[in-house]
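Here is the structure we will look at.
The values are calculated or read from the model by the stated rules, or taken from the named source; none is laboratory data. Owing to the predicted nature of the structure, the values given are computational and were not obtained by experimental measurement. Note that we place each Cβ from the backbone using ideal geometry, even for glycine, and neighbour counts take in every protein chain shown.
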Amino acid sequence: MKKFVMILLAMIFFSSQVDAAKIDHYREILLSGRYSIKYENITPLPRQTNKDKIDIFGKSGLAVETTDYFTNRSVSGILIADGEDHRYQEVGRSDFIQCILTQDDETFIFTKYKNKKGDGFDYFGSRKGRVEANSRNYLAELIAGVSYGDATFSRVLNAILPDEAKSSDMPQYEFVTSGTLEDGRTFEDFKIKSSGSMDSDGKIFSAIRYYFNGDTLEKIAYASYTIDSNGKASGEKFIAKISEFSETPDQSLLKLPDGLKDVTKRDKEK
C-alpha cells in the first residue's frame, strides 16, 4: 500500500501545471444538483488470515462465525439528486446497505438487506418494514457540506468543486497536471492546496487522480501520506470504479421503496 501511495503522490506533486478539461463536465453536473452516480470501491484489501475471523452475536445469543462477512466484500454506493431538496444515497455491501432519502424538510434513514430467500430485500427503519422521518438538519448540511456517500468518496468529489461551493471542513485541492497512459486512457491530477509539497502544517501529502476513457470518467484514485508528531509515516489509499455519472436523476430512487411504510406522525395542516 505504501508504495502505491508514494508513487502516486510523487507523480502528482512534482508534475507541471496545465489546464484541466474533462473533469469540468463532472464539476458542472455536481453544481447543477441533478445527477445519478454509481460507484464501487475497488481498493485492494489486505490479505486475510484465520486471525481475521469475526464472531457476531444475534438476538438468539448464538455466535456466528463470519470469516469474511465484513471483509473481502466490495463496498458500492449510489447517489441520486434532483435538486438539493430531493436526494438519495446508499452505501454498503451487496446484502446490507445503509440508505438516506431526503424529501424537502424530511430525512428518512433506513437499511435494506437481503431477505431469507435471497431473492430480494427487506427494509428496516424505525422497525422492520416501517420508517419515520427525521427533521432535516440544515445546520449540519451547512457545516459539513453535501454528502456524497462515505467520507472518502465525498472528499474526492468535493475536490473538484470550486472553493466557494465547499464547506469549511472540506480540504481544498488544486489541479496540477494531466496526461495520457500507454493504454490510451487519460488522467487529471489534483493535490491538496499548499505553499509547497505539503499542506500548511507540513505533515500531510494528499492527492487525487481522475481517470478517463475518452471523455468518460471511469475511475478515481486517492492517496494520502501522513507524518505524525513522532515522525512516523503512514499512508492510505482509495480506488473507486465509476459505473455511472450522468446528469439524469433516477426518479425511482427518490421515493421510499415498496416494502417500507412511512409511519411518521405529522402535524395536521391548519
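Values for this structure:
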quantity	calculated
Region 213-270, subset more than 23 Å from the chain's Cα centre (by Cα) and part of a strand (DSSP E or B), residue nearest to Asn115 (Cα to Cα)	Lys261
Residue, modelled with the lowest pLDDT, within region 6-42, restricted to residues that are of a type in the set (Val, Ile, Thr) and more than 19 Å from the chain's Cα centre (by Cα)	Val18
Scan of region 88-145 for residues that are among the β-branched types (Val, Ile, Thr) and touching a Lys or Arg at 6+ places or on another chain (Cβ under 9 Å), ordered by number	Ile97, Ile100, Thr102, Thr107, Val131
Positions within region 153-187 being under 18 Å from Ala240 (Cα atoms) and in contact with an Asp or Glu (Cβ under 8 Å, 6 or more places away or on another chain), in sequence order	Arg185
Residue count, region 128-152 (criterion: under 29 Å from Ile242 (Cβ atoms) and in contact (Cβ under 8 Å) with a residue 12 or more places away in the chain)	12
Filtered residues of region 132-156 (kept if among the hydrophobic types (A, V, I, L, M, F, W, C) and part of a loop (DSSP other than H, G, I, E, B))	Ala133, Val146
Condition check for Tyr123: surrounded by 15 or more Cβ atoms within 10 Å (Cβ to Cβ), in contact with a helix residue (DSSP H, G or I) (Cβ under 8 Å, 6 or more places away or on another chain) and at pLDDT 85 or above	no
Per-region count, region 168-192, residues under 21 Å from Phe153 (Cα atoms) and in a loop (DSSP other than H, G, I, E, B)	5
So Arg47, is it of a type outside the set (A, V, I, L, M), modelled with pLDDT of 50 or more and farther than 25 Å from Ile160 by Cβ	yes
Residues located in region 230-246, provided they are in contact with a strand residue (DSSP E or B) (Cβ under 6 Å, 6 or more places away or on another chain) and either charged (D, E, K, R) or more than 29 Å from Ile42 (Cα to Cα) (or both)	Glu236, Lys237, Lys241, Glu244
